[in-house]
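Quick notes on the structure that follows.
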Amino acid sequence: VLQLLRGVQRGSEDRKRSLSRLRWALQNKETQQKFVRLDSSIRMLIGLFTSSLADMQMEAARCLHELSHSSDPAVAEACLPVTSYLLTYLSGHSVEFTELCLYTLGNLVVESEAVRKQLLPQGIIPVLASCIQSPHEAVLEGLGYVLSQLLQAKEAPAEIVPLVLDSVLPQHMLRLVCSGLKAGTGAAVEFAWCLHYIVCSHTANAALLSLGALPALTSLLLDLASEIPQDAPEGLELLVCPVLRCLSNLLAEETGCEVQIQDERLLIALFLILQCFLQQHPFIVQECLWLLNNLTADKPFFCSALLSLDLLPALLQLLPCSQMASVLVLTVLCNIAEKGPAYCQQLHRQPALPLLLPTLTLPDPEVVGQCLELLHLLFLHCPEAAADFVRQGGHRALKQHQSTPELQERVQALLDMVRQPPGATTFSPCHATLSAFS
């Protein structure tokens, strides 16, 4: 390392060659740690980074970028003196140079709270806001990366999200996500996750709603579902996921916002997306079901639409997908059944019971417990369902869980219900809106 540093201090040709070799050496963790401990090493890099020689600047930027990859906070903090220069150079130079500066900043803020605390007073948010109108995809993707790292910091809800909301960033991020979904661009992916992190802070939802986030993201899913090919391009799931989460979390807020998206086409879009990603990316099933739960939780509009569009068979087919999928499918069915007798009669006519019986035999108490909630609602509002349940041997499946401590009381209540008129017991159905994963 010392030899390379000496080479950098010699004539221009040796300097460039030594700087290039230094960049490759700095890919090694131990070399990074040794480098930052040497006197004047960072100062020398900053001198070259701020020089008037473009090729020296670029090589120095690459060296700093390699250092920023270090997972050692001490290395990130050694780079503190360069942060103001990184911000300054975001407003000019080549696209490649700007991109390097952005990714270096993004890497540094991940590892060091000290770096983040220095960048905020230096005005990183206004500087990033000035970059978001760049016509270059590479710059926008790098900008999205920096923002996503900042918004995941533990201090983000209190210190960073308010600054972002006070800038032009949210409306431009929303615009870029909505224009970039079909293309699956990297920038759209990064900004979609940024919106997700903002929503998860729970301090910004009113602001996003006022920007029209709900109708914009809903329209986005409708467009996607209408044009998505059967073999979805790889990487598109990384964009669909945060969009689904944003909608789920916005709907989980008690804002009355659900009235803005009473569009049954959203249900069709969700099931088309489910079908498209089911085999290759089953985690998308879970995301779609979280959103479906929050759509059906309170208002009857989407419950009625799900039944009238004959989507119940497709929903029931998702029961075996995974433990979480089973719980969420059953929760959506509880949301429908909770709406009263007419809904329960439709569930009963759409033979749901034969598919619920295998669920009762599962060893998972959470899945079985949710199934018990659904059966309680069906028996309460539709007595013929209780009679059919007995005829199909359901009471025997129930008795398997009489010795399970967390299920005993509800199992006994259901057994009592099938032996006498409904209403003999009460336990509350689970039909609350659920926040998607943070």
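Overview of values
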quantity	calculated
For V75: the one exception among (1) assigned to a helix (DSSP H, G or I); (2) within 30 Å of P135 (Cβ to Cβ)	(2)
Residues (open to solvent by 20 Å² or more (accessible area, probe 1.4 Å), in a helix (DSSP H, G or I) and farther than 16 Å from L333 by Cβ) located in the range 261-275	R265, I268, L272, Q275
Members of the range 385-411 found to be open to solvent by 90 Å² or more (accessible area, probe 1.4 Å) and either part of a helix (DSSP H, G or I) or not assigned by the TED database to the domain that holds L360 (or both), listed by number	R391, R396, K399, E409
Candidates L221, L195, L211 - the one that is open to solvent by 20 Å² or more (accessible area, probe 1.4 Å) and of a type in the set (A, V, I, L, M, F, W, C)	L211
Only listed residue being assigned to a helix (DSSP H, G or I) and either over 29 Å from V75 (Cα atoms) or modelled with pLDDT under 95 (or both), chosen from K154, K117	K117
Top-ranked residue in the range 1-53 [being out of contact with any helix residue (DSSP H, G or I) (no Cβ under 7 Å at 6 or more places or on another chain) and of a type in the set (S, T, Y); ranked as modelled with the lowest pLDDT]	S12
Selection from the range 224-260 of residues that are open to solvent by 20 Å² or more (accessible area, probe 1.4 Å) and modelled with pLDDT of 85 or more	L238, R245
Every residue from the range 73-98 that is within 15 Å of A60 (Cβ to Cβ) and open to solvent by 50 Å² or more (accessible area, probe 1.4 Å)	P81, Y85, T88, H93, S94, E96
V146 crowded, with 20+ Cβ neighbours inside 10 Å and over 19 Å from the mean Cα position of the chain (by Cα)	no
Selected residue (only one of V367, V329, V285 is closer than 21 Å to L222 by Cβ, in contact (Cβ under 8 Å) with a residue 40 or more places away in the chain and open to solvent by less than 10 Å² (accessible area, probe 1.4 Å))	V285
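The values are calculated or read from the model by the stated rules, or taken from the named source; none is laboratory data. Source: prediction; values computed, not measured. Cβ atoms come from the backbone with ideal geometry, glycine included; neighbour counts cover every protein chain shown. These area figures cover heavy atoms from the full protein model, side chains too; ligands, DNA and RNA do not enter into them. Shrake-Rupley method; radii C 1.70, N 1.55, O 1.52, S 1.80 Å.
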